[in-house]
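Okay, structure first, notes after.
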Amino acid sequence: ASSLSATPPIATRPPPAAPSIMTTVPGHRTTYVIKKPGSGPKIEKGSTATLHATGVVKETGAKFWSTHDPGQQPFSYQAGVGQVITGWDQGCLGMTVGEHRELVIPADEGYGSKGFPAWGIPPGATLVFTLECLNVR
């Protein structure tokens, strides 16, 4: 009988997965997780950011928008000045070029009690956006 352990030596074990740290946007209820760090300029109030985005209704899993779909292009907006829903506007601040981030936006910081029926977003929906920051200027 062999006395070798069934556990591989430390050197061959894969490293533990990096924890997904959920961060709450200060002063808001929107949360985010950085899926892949970036290294470029940061999205700041007043900067113009360009992102790839996919939006899903959390309650149903239904995709309502993706810049990756045929005929779509990356989305550009001026950050932190109210051009987009609050959760997106505040939840993207500090994101760096190359970063992948998942935003979870509660209804009161998204489309609220009315939803956005034209996009299939029901009243009171929580929105989940998977984002990739492409450019900040």
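Key figures
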{"read-out": "Estimated inter-spin distance, residue 68 and residue 23, nm [label 7 Å along Cα→Cβ]", "value": "2.3 nm"}
{"read-out": "From phi via Karplus (6.51, -1.76, 1.60), per-residue ³J(HN,Hα) for region 94-106 in Hz, x at Gly/Pro", "value": "x, 5, 10, 4, x, 6, 10, 9, 10, 9, 10, 10, x"}
{"read-out": "Ranked packing of 93-103, 42-52, most packed first, by mean Cβ within 10 Å", "value": "93-103, 42-52"}
{"read-out": "Full-stretch length increase - residue 59, residue 137 - with 0.36 nm per residue and alpha-carbon distance subtracted", "value": "24.6 nm"}
{"read-out": "Additional length obtainable on full extension of the chain from residue 114 to residue 96, 0.36 nm per residue less Cα span", "value": "3.3 nm"}
{"read-out": "Rel. contact order, % - alpha carbon contacts under 8 angstrom, at least six apart, the chain", "value": "29 percent"}
{"read-out": "Rg(Cα) / (2.2 N^0.38 Å) computed for the chain, rounded to two decimals", "value": "1.33"}
{"read-out": "Solvent exposure of the chain as accessible area per residue, Å², 1.4 Å probe", "value": "59 Å²"}
{"read-out": "Placed amide H near residue 65: partners under 5 Å, 5+ positions off or other chain", "value": "55"}
{"read-out": "Accessible surface of the chain [probe 1.4 Å, protein heavy atoms]: carbon and sulfur percent", "value": "56 percent"}
{"read-out": "Size of electric dipole in the chain: Cβ of Lys, Arg +1 and of Asp, Glu -1, about Cα centre, debye, nearest 20", "value": "200 debye"}
{"read-out": "³J(HN,Hα), Karplus 6.51/-1.76/1.60, whole Hz, each residue of region 113-126, x for Gly, Pro", "value": "6, 8, x, 9, x, 4, 9, x, 9, x, x, x, 6, 8"}
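The values are calculated or read from the model by the stated rules, or taken from the named source; none is laboratory data. The shown structure was predicted, so the numbers you read here are calculated from the model rather than taken from an experiment. Heads up, the Cβs are rebuilt from the backbone with ideal geometry, glycines too, and the neighbour counts pull from every protein chain shown. Ligands, DNA and RNA are stripped out before the accessible areas are found, and what is left, the full protein with its side chains, is counted by its heavy atoms. Shrake-Rupley method; radii C 1.70, N 1.55, O 1.52, S 1.80 Å.
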